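Let me begin by presenting the structure, written as structure tokens, before commenting on it.
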Amino acid sequence: MESENKIHDIREYVKYLDGIHKRTMQYVKAIPNELLDWKPSEDKFSIGDLLRHIASSRLMFLGIFEHGTWTYTGHDTGKGASLEEISIYLEACQIKLTEGLLKVGNDVLTKKVLTLHGHEVSPWRILMAIPEHEIHHRGQISTYLQINKIEPPQIFGLKIEQVKTL
């Protein structure tokens with residue numbers, strides 16, 4: 001039996017998601033245009049693919065709560081070929097996600113939803129997958145930047161070496 005709801009207020013959750021989004025946008029600012037199509041190997045996502053994927057996935061997750069379906073619209077360059085276009089797409093998808101979640105309101109927290117494999121779960125599990133998914137791909141972008149000798153942004157403003165130790 002699945003445990004009780006772990007998220008109690010969709011407005012607070014949306015505020016949390018906005019923080020995740022803002023930190024992702026700091027990464028976008030660190031990416032030079034010439035690295036947009038860089039990928040570690042031919043069978044991997046490029047940096048641009050990762051950013052478009054993050055954005056499109058926001059809409060995929062929203063679809064679960066609005067329509068009960070999983071639909072992924074892809075991450076092709078039609079969703080942004082330049083960093084500026086991708087930034088606009090990321091912002092637009094974030095707005096759609098947060099406005100959509102606020103529109104369904106706290107009712108979204110009470111109805112079971114389906115996983116990609118068709119299993120019924122409490123909605124908080126899918127809601128927590130949204131930031132987990134984004135953070136996973138942001139970590140990939142961080143690695144891609146470092147491979148290319150670019151220091152990624154510090155998500156909380158300090159490197160661990162700058163934190164006081166005991």
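The values are calculated or read from the model by the stated rules, or taken from the named source; none is laboratory data. Here the structure is a predicted model, which is why all the values come from computation and not from measurement. Note: ideal-geometry Cβ built from the backbone for every residue, glycine included; neighbour counts use all protein chains shown.
Can you tell me which of (1) part of a helix (DSSP H, G or I); (2) of a type outside the set (Lys, Arg); (3) surrounded by 16 or more Cβ atoms within 10 Å (Cβ to Cβ) is the one Ile95 doesn't meet? Here Ile95 clears every test but (3). Checking each residue in the stretch 98-109 for being surrounded by fewer than 19 Cβ atoms within 10 Å (Cβ to Cβ) and touching a residue at least 40 places away in the same chain (Cβ under 8 Å) picks out Leu102, Val104, Gly105, Asn106.
What number of residues within the stretch 7-36 satisfy the criterion of being touching a helix residue (DSSP H, G or I) at 6+ places or on another chain (Cβ under 8 Å) and part of a helix (DSSP H, G or I)? Can you show your working first?
At the first step, the residues of the stretch 7-36 found to be touching a helix residue (DSSP H, G or I) at 6+ places or on another chain (Cβ under 8 Å) are 7-11, 13-14, 16-18, 20-21, 23-25, 27-28, 30-31, 33, 35-36.
Filter once more, so that each one left must be part of a helix (DSSP H, G or I): 10-11, 13-14, 16-18, 20-21, 23-25, 27-28, 30, 33, 35.
Total meeting the criteria: 17.
With respect to the conditions (1) crowded, with 17+ Cβ neighbours inside 10 Å; (2) at pLDDT 95 or above; (3) over 13 Å from the mean Cα position of the chain (by Cα); (4) in a helix (DSSP H, G or I), Arg58 falls short on a single one, namely (3). Residue count for the stretch 58-77 under the criterion of being under 25 Å from Asn33 (Cβ atoms) and out of contact with any helix residue (DSSP H, G or I) (no Cβ under 9 Å at 6 or more places or on another chain): the result is 0.
In the stretch 109-166, how many residues are small (Gly, Ala, Ser) and either over 27 Å from Lys15 (Cβ atoms) or not in a helix (DSSP H, G or I) (or both)? Outline the logic, then answer.
Of the residues in the stretch 109-166, the ones small (Gly, Ala, Ser) are 118, 122, 129, 139, 142, 157.
Filter once more, so that each one left must be either over 27 Å from Lys15 (Cβ atoms) or not in a helix (DSSP H, G or I) (or both): 118, 122, 157.
Residues flagged as small (Gly, Ala, Ser) and either over 27 Å from Lys15 (Cβ atoms) or not in a helix (DSSP H, G or I) (or both) within the stretch 109-166 amount to 3.
When Gly48, Gly105 are screened for being assigned to a helix (DSSP H, G or I), at pLDDT 95 or above, farther than 15 Å from His21 by Cα and among the small types (Gly, Ala, Ser), only Gly48 passes.
Among the basic types (Lys, Arg), outside any loop (DSSP other than H, G, I, E, B) and at pLDDT 95 or above, is that true of Lys39? Spell out the reasoning first.
Numbers: among the basic types (Lys, Arg): yes; outside any loop (DSSP other than H, G, I, E, B): no; at pLDDT 95 or above: yes.
No.
Name the residues in the stretch 46-68 that are touching a Ser or Thr at 6+ places or on another chain (Cβ under 6 Å) and over 20 Å from Gly80 (Cα atoms), would you? Gly63 - this is the single residue of the stretch 46-68 that is touching a Ser or Thr at 6+ places or on another chain (Cβ under 6 Å) and over 20 Å from Gly80 (Cα atoms). Picking from residues in the stretch 13-48 that are over 17 Å from the mean Cα position of the chain (by Cα) and acidic (Asp, Glu), the one that is surrounded by the most Cβ atoms within 10 Å (Cβ to Cβ) is Asp37.
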